1. Helix 197-211 versus the longest principal axis of the chain: what is the Cα-based angle in degrees, 0 to 90, to the nearest 10?
2. Restricting things to alpha carbons, find the Rg to Rh ratio for the chain using the Kirkwood radius for Rh.
3. Can you spot the lysines whose alpha carbon is less than 19 Å from Lys79's alpha carbon? Ignore those fewer than 8 places along the same chain.
4. In degrees between 0 and 90, to the nearest 10, how far off the longest principal axis of the chain does helix 173-182 point, with axes built from Cα atoms?
5. Counting only helical runs of four or more DSSP H residues, what would the 222 nm mean residue ellipticity of the chain come to if each run contributes -39,500 (n - 2.57) and the total is spread over all its residues?
6. So for each of 146-155, 259-268 I average, over its residues, the number of other beta carbons within 10 Å; can you give me the resulting order with the highest mean first?
7. Please give the charge dipole size of the chain, origin at the Cα centre, charges +1 on K and R Cβ atoms and -1 on D and E Cβ atoms. Round to the nearest 20 debye.
8. Among the chymotrypsin sites (Phe, Trp or Tyr not before Pro) within the range 141-230, which fall in a DSSP loop and have no more than 16 other Cβ atoms within 10 Å of their own Cβ?
Amino acid sequence: MNIFNQAEDISEKKLNTRRIFIFLLITFVLTYGIEIFVIMPMVGSSDINKAYLAQALVAAVMFLPAVSTLITRLLTGEKLIASDAMLSLKLKGNLKYYAIAWFGVAGLIFVGAVLYFLIFPSQFDGNMGYAAVLFEAQAQAQGIEMDTSAEQMRQMMAVQILIGIFLSPLLNFINCFGEEWGWRGYLLPKMMKRFKIIPTLLINGIIWGLWHAPLTAMGHNYGIGYQGYPVTGILAMCIFCTVIGVILSYVTIKTGSCFPAVIGHAVLNGLSGVGIYFTSLENPYNVFLGPSPVGLIGGIGFIVLAVILIYLLHKEEMQKNGESLLQFDKQGATIQEN
C-alpha cells in the first residue's frame, strides 16, 4: 500500500467513525427528547386519550433510527443505493436465514415459556386468569362488555398465537423496519468496519439496550418498583438486546439485507407476551426470569443460539484473516524466489 492509499484509508475510517457518531447523536437526541419530555408525562394518565396518544408515540419512536439513517446519509453525502443500504430482499439462496428469523424466533419464544412453566409449575394457569383480568380492564376502559370465560380466553389466545406467528411480519413491519434499518442496516456495517465481529455485536447490543432506557424506566418489559429500579431493568434490557441483536445481526450479515431482521423483530414483538397470558394471579411470575423472552429462562433459547452464532461468525472472521495472511505469505515467498 503506497502513501496515497494509506491516506485514503485513514480518511475513509474517519468518515466512517463520523457517520457512526452522527447517527447515534441524532437517534438518541430525538428518541430521548420525545420519550422524556412528551411521552413520560402522559404515562399513567387517567385521561384515556392521553394514554392512547402515549402508546401511539411509543410505536412512532421505533421509526426514529430509520429517520436518523436518512439524515446521516444526507449530511455525510452517502448515496442511497438499495444493495449498499441493505434494502434488497436477496431471497435467492437465503431462505434459510429468513426461516431462522421468522419461525426460529417464534419457536424459541415458545420453548422459553414452556421451560419456565416446567420449572415454576405453580405460576401456570391454563384458564388464563391473568389475561382475563387484563382484557376485562381494557374492555371496560373502552366501554365494551367482554366474555372472559376460560373457554373464550383459550379461543382468543389460539387466534392471537396464529396471528402472531403468521401475520406479525406484516402487522409490525413498518415500526420494526424503522428500528432494523437503523441498527442492523446502517450501524452494524459501519461498526464492522471499525471493530472485529465480537466487539461489534456486543457494543451494538448495549447501544440498542440503552436506546430503550427511558421506556424501560417507564415500565416497558420489566414494570416498575422492582429491586434496583430502574437501573436493574436497563441492565437487563441491554443484555436482552445484545442477545437478540446477535441473532438479528447474523441474518443481516449472511443475507446482506435488513429484511430478515425486520421479520425476526416483528415476530418477537408479536409473540413475546404470549407466555405472560398463562401466568397465575395467585403466584405472580418473575419478570427477570420469564416466561417472556426478556427473562433469563424465557430467553434461554435465544441465549444459546446467540452464543453459537457469535462463535460461527468469529470462526469465519478468523478463517478469512488466515486466508488473507496465507495469500500474503505466498506472494512474499514468490517475490523472494524471484
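1. Approximately 40 degrees, to the nearest ten.
2. Details: Rg = 22.7 Å, Rh = 21.9 Å.
That ratio is 1.03, to two decimals.
3. Hits, sequence-local ones excluded: Lys13, Lys14, Lys190, Lys193.
4. Result, in degrees: 40.
5. Working: 15 runs with 225 residues, N = 338.
Here the helix-only value at 222 nm equals -22000 deg cm²/dmol.
6. Values: 146-155: 13.7, 259-268: 28.0.
Averaged packing, sorted descending, gives the order 259-268, 146-155.
7. Working: 20 positive and 20 negative charges, 218 e Å.
Here the chain has a charge dipole of around 1040 debye.
8. Details: sites: Phe166, Phe173, Phe177, Trp181, Trp183, Tyr186, Phe195, Trp208, Trp211, Tyr222, Tyr226; in loops: Phe195, Tyr222, Tyr226.
The qualifying sites are Phe195, Tyr226.
The values are calculated or read from the model by the stated rules, or taken from the named source; none is laboratory data. Just so it is clear, the structure is predicted and the values come from calculations on it, not from any experiment. Cβ coordinates were reconstructed from backbone atoms using ideal geometry, including for glycine residues, and neighbour counts include every protein chain displayed. Each accessible area value is taken on the protein alone, full model and side chains, heavy atoms only, with ligands, DNA and RNA left out. Shrake-Rupley method; radii C 1.70, N 1.55, O 1.52, S 1.80 Å.
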